[in-house]
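Have a look at the structure below before the remarks.
The values are calculated or read from the model by the stated rules, or taken from the named source; none is laboratory data. Keep in mind it's a predicted model, so treat the numbers as computed, not measured. Cβ atoms come from the backbone with ideal geometry, glycine included; neighbour counts cover every protein chain shown.
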Amino acid sequence: MKVKQLGGYSSQQYKMQFSGVTPRLLIGQGLEARLKFDQSTGRPVEPHEVESQQATLYYPGLGVQNVKLPAGYVLPKVLDDLAEVELISPEACTVGRNIYVRAEGIELK
């Protein structure tokens with residue numbers, strides 16, 4: 001049996017994977033800056049340009065998922081560790097057996 005996959009990121013794919021589950025934010029050290037890489041050399045672009053930010057969320061019953069956020073995104077001050085949150089415009093993409101999630105931001109639920 002083949003798994004049906006939507007091409008690229010979509011909100012439908014996010015709903016299929018995470019419907020009905022409220023994620024919790026794992027702040028830890030805060031957001032992780034993801035550097036922009038040169039495809040030909042596999043090395044970071046100089047000067048170290050930030051391509052995106054990454055947050056870690058815990059989905060009860062499903063596990064931990066990293067979420068890609070815009071490069072200049074800053075977490076709102078009202079968010080605490082393990083706070084129940086909602087993603088702003090969440091989208092997911094399935095590649096093989098891996099799920100990748102991106103969003104425009106995070107807000108308190």
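Within the range 58-76, not a single residue is of a type in the set (D, E, K, R) and farther than 27 Å from Met16 by Cβ.
When we screen Val78, Val50, Val64 for residues that are farther than 23 Å from Tyr9 by Cα and touching a strand residue (DSSP E or B) at 6+ places or on another chain (Cβ under 9 Å), the only hit is Val78. The lone criterion from (1) farther than 16 Å from Ala83 by Cβ; (2) touching a helix residue (DSSP H, G or I) at 6+ places or on another chain (Cβ under 8 Å) left unmet by Tyr9 is number (2).
For the range 62-70, check the following and say yes or no: at least one residue is in contact with a helix residue (DSSP H, G or I) (Cβ under 7 Å, 6 or more places away or on another chain) and not hydrophobic (A, V, I, L, M, F, W, C). The answer is no; no qualifying residue exists. Among residues of the range 27-38 that are on the phi > 0 side of the Ramachandran plot, those with a beta-carbon under 7 Å from a residue that is assigned to a loop (DSSP other than H, G, I, E, B) at least six positions away or on a different chain give the pairs Gly30/Leu75. Determine whether Gln12 is out of contact with any Pro (no Cβ under 9 Å at 6 or more places or on another chain), among the polar types (S, T, N, Q), at pLDDT below 95 and surrounded by 12 or more Cβ atoms within 10 Å (Cβ to Cβ). Against the criterion (out of contact with any Pro (no Cβ under 9 Å at 6 or more places or on another chain), among the polar types (S, T, N, Q), at pLDDT below 95 and surrounded by 12 or more Cβ atoms within 10 Å (Cβ to Cβ)), Gln12 does not qualify. Within the range 87-109, the set of residues being touching a strand residue (DSSP E or B) at 6+ places or on another chain (Cβ under 9 Å), more than 12 Å from Ser52 (Cβ to Cβ) and free of Cβ contacts under 8 Å to residues at least 40 places away in the same chain comprises Ile88, Gly105, Glu107, Leu108.
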